[in-house]
């Protein structure tokens, strides 16, 4: 099992500048490369300070110039916000800039807030049809001249300029949860990325089962790869309560997610307060004590033990989701511990 870093700039208030957050992200990515991580992933989100990434492409192009070995993942771009020609060309350009280190993840999208502002109010639930049309169109454009006559997009003969370095195509990943999205991804020969969110390892096993079913249903396709993305924080064994600040931060992250996902309150200059803790009084999975056991939070030995189970389950890539809202210094310490005391157990 290999490891990747999933990272964004994230901001709870105006105390830290965007420029400082950019430098912090760069530092974490360079640490990941030096530590042997296979990929750094950066996604796409709009007009929200708690996940800052209007496009992963300029950030990844910057990292391409600063790195030499780590792969650069756009994970994920939101299908309804991208025209196929633009998606094919920008991804291919990143592949050229990085000399063949680009990977792209695609998703249907989640926040109705973003759809209301970028897709004329299209229901986020309907983003799947854009995803299913975008993936084969991008692949075809990477190969050469292609005309498209679809339900969403129509365009005459065109091609991706430039062409990607990696042939026949760079790796493509699909963010999947339900059986249908797993089946689509495998049928297309795409890798699959999943997140159990605040659920326990039984959810990882369930998502792996959906992936395995899709693989069994498509024997004509070479088995793709499966990635699990999970909030991660490693603390020293010398700090018996070291888990608590991380679990409380992840609790705040999910309450903030809930506020944005609910789409009921207008943000102020890109900020939105987390939903109040009282809203989750009957949701024990949100409690820090529960998140201590479901998120990947623990000492190096505890994290190794859980990751061993993922490896035995057949997970190909574990992605260290470092967006916890903790101060940058705490993220650095956690990543250092993971590199020095967790990763060697899997080499």
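Just so you know, all these numbers are worked out from the coordinates, no wet-lab data involved. Since this is a predicted model, take the numbers as computed values, not measurements. Backbone-built Cβ (ideal geometry, glycine too); neighbour counts: all protein chains shown.
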Check your understanding: How would you classify the range 267-346 from its alpha-carbon gyration tensor, with a ≥ b ≥ c the square roots of the eigenvalues: rounded for a/c under 1.5, else prolate if a/b is greater than b/c, otherwise oblate?
Key -> prolate
Revision key, fill the gap. Quick calc: nm separation of the 7 Å Cα→Cβ label points for residue 293 and residue 278 -> 2.8
Practice item. Bin all alpha-carbon pair distances of the range 126-276 at 10 Å intervals from 0 and give each bin's fraction as a whole percent. Key: 9, 25, 28, 24, 12, 2, 0
**Study point:** Spatial separation of Cα centroids for the range 162-188 and the range 58-76, in angstrom
**Key:** 19
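Among DSSP beta bridges lying fully in the chain, give the percent that are antiparallel, nearest 5. Spell out each step's value before the answer.
Working: 6 of 40 bridges.
Bridges in the chain that DSSP calls antiparallel: roughly 15 percent.
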Study note, to complete from the structure: When 4, 26, 275 are ranked with the fewest other C-beta atoms within 10 Å first, the list becomes 26, 275, 4
Exercise for review: Springs between alpha-carbon atoms under 10 Å, Gaussian network over the chain: tell me which of 44, 311, 33 tops the mean-square fluctuations.
Suggested key: 311
Review point. Does anyone have the angle between helix 243-262 and the longest principal axis of the chain? Alpha-carbon axes, 0 to 90°, nearest 10?
Key: 40
Revision key, fill the gap. Note to self: C-alpha centroids of the range 227-242 and the range 281-334 sit apart, in Å, by 5
**Study point:** Residue of 235, 182, 62 that the Gaussian network model of the chain assigns the largest fluctuation, springs spanning Cα pairs under 10 Å
**Key:** 62
Check your understanding: Once every DSSP H run of n ≥ 4 in the chain is given -39500 (n - 2.57) and the sum is divided by its residues, what mean residue ellipticity at 222 nm do you get, rounded to the nearest 500 deg cm²/dmol?
Key -> -13000 deg cm²/dmol
Practice item. Determine, for 78, 97, the number of other Cβ atoms within 10 Å of each Cβ, and report the residues in order from fewest to most. Key: 97, 78
Check your understanding: Expressed in nm², what is the orientationally averaged projection area of the convex hull enclosing the Cα positions of the chain?
Key -> 17.2
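Multiply the residue separation of residue 122 and residue 268 by 0.36 nm, subtract the distance between their alpha-carbon atoms, and state the gained length in nm to one decimal.
Residue separation times 0.36 nm, minus the Cα-Cα distance, leaves 50.3 nm.
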**Study point:** the range 230-289: C-alpha gyration tensor shape, a/c 1.5 cut-off, then a/b vs b/c
**Key:** prolate
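What number, in percent, do you get for the relative contact order of the chain if the mean sequence gap of Cα pairs under 8 Å and at least 6 apart is divided by its residue count? Let's see the in-between values first.
Details: 637 pairs, mean separation 63.4, N = 347.
This gives 18 percent for the chain.
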Check your understanding: Where does each of 346, 338, 37, 257 land when they are ranked from fewest to most other beta-carbon atoms within 10 angstrom?
Key -> 346, 257, 37, 338
